[in-house]
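Everything on this sheet refers to the single structure shown next.
The numbers here are math on the coordinates, done by the rules we state, and not lab data. It should be emphasised that the depicted structure is a prediction, and the values quoted were computed from it without experimental measurement. In this analysis, Cβ positions are derived from the backbone assuming ideal geometry, glycine residues included, and neighbour counts consider all displayed protein chains.
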Amino acid sequence: MKRKICLMLVLALMAVSLTACGVTGGGKQSPQPKDSPVASTETPEAKVVHGIINKIDSYLVLLTGEGEYQNMDYGEGVTMDDFMEGDSVDVTYTGELGVEGSTPVIVSIVKAD
């Protein structure tokens, strides 16, 4: 008799714990609404930073005038054929400098005077 009562209590607790987690019949989770990205017609604002090329690779490392190193990706059509490490340049980019998890994208690059 005690075994039956204990078994019934265990089954009841399992049912309550599964219900509390949102799991229903067959182990399927209840559907969650998905955040749909809002289409933006706004183009990102381009900014300019002056610096010295520290490294040219599949990305650019720029030493800015503030003494900070910035990793930057190349945008479409941007080539580094005319540049060398140590060149002083003005880089037009989109995105944010110094934001972790976000890499600015180079729109254009020119040698500084």
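Listing for the model above:
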{"item": "10 Å-binned pair-distance histogram of the stretch 46-111 (Cα, whole percent)", "result": "23, 65, 12"}
{"item": "Ascending count of other beta-carbon atoms within 10 Å, so fewest first, for 60, 9, 18, 97", "result": "9, 18, 97, 60"}
{"item": "Total formal charge among the other residues, if their Cβ is under 12 angstrom from that of residue 88, Lys/Arg +1 and Asp/Glu -1", "result": "-3"}
